[in-house]
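What follows is a single structure, written as structure tokens, with notes after it.
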């Protein structure tokens, strides 16, 4: 179970890191032209960049506290925050009729919920 939680948290962190860095590096105007990124045309540059920063912070929060042993309780908290982010993303993509993106968000939501449940419960990091 611990291994499964590590794998899920790592995969989720990788997805968040890539998505977040993409938002921080790629200009919003260019992102609008990409598939499943039509939502970027409906938000300000500030919201776009903030989401990128939150995704990078979420990626760090899913892995670094456990790896370093410093405040590992932050891992399930980061997973809950990631789950909330994915709910918002799924709703946004649903409103824009992007079913593939909604499905991806629901998969990430499932991973985040699994990590939160596992790290708060049966495989919590004990100090």
Notebook entry, point to check: Does anyone have the angle between helix 2-25 and the longest principal axis of the chain? Alpha-carbon axes, 0 to 90°, nearest 10?
Noted result: 30 degrees
Check: What is the projected area of the convex hull of the Cα atoms of the chain, averaged over all directions, in nm²?
Finding: 7.4 nm²
Item checked: Per-peptide average of other Cβ atoms within 10 Å, ordering 20-29, 85-94 highest first -> 85-94, 20-29
Notebook entry, point to check: Principal axis lengths of segment 33-101 from Cα atoms, whole Å, largest first?
Noted result: 41, 23, 16
Next item on the list: At 4 °C and 1.567 mPa s, grab the translational diffusion coefficient of segment 1-42 from Stokes-Einstein with a Kirkwood Rh over Cα pairs, rounded to a whole number in µm² per second.
Entry: 110 µm²/s
Next item on the list: With a/c under 1.5 counting as rounded, go ahead and sort segment 69-127 into rounded, prolate or oblate using the C-alpha gyration tensor (a ≥ b ≥ c being the square roots of the eigenvalues; past the cut-off, prolate if a/b is larger than b/c, else oblate).
Entry: prolate
Check: Full extension from residue 45 to residue 11: what is 0.36 nm times the residue separation minus their Cα-Cα distance, to one decimal in nm?
Finding: 9.5 nm
Next item on the list: Output the peptides 119-125, 105-111 sorted from most to least packed, where packing is the average of other Cβ atoms within 10 Å over each peptide's residues.
Entry: 105-111, 119-125
Checklist line | Rounded to 10°, Cα long-axis angle of helix 74-95 versus longest principal axis of the chain | finding: 30 degrees
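Bear in mind these aren't lab numbers, they're just calculated from the coordinates by the rules spelled out. Note that this is a predicted model, so its numbers are computed, not measured. Positions of Cβ are backbone-derived with ideal geometry, glycine not excepted, and every protein chain shown enters the neighbour counts.
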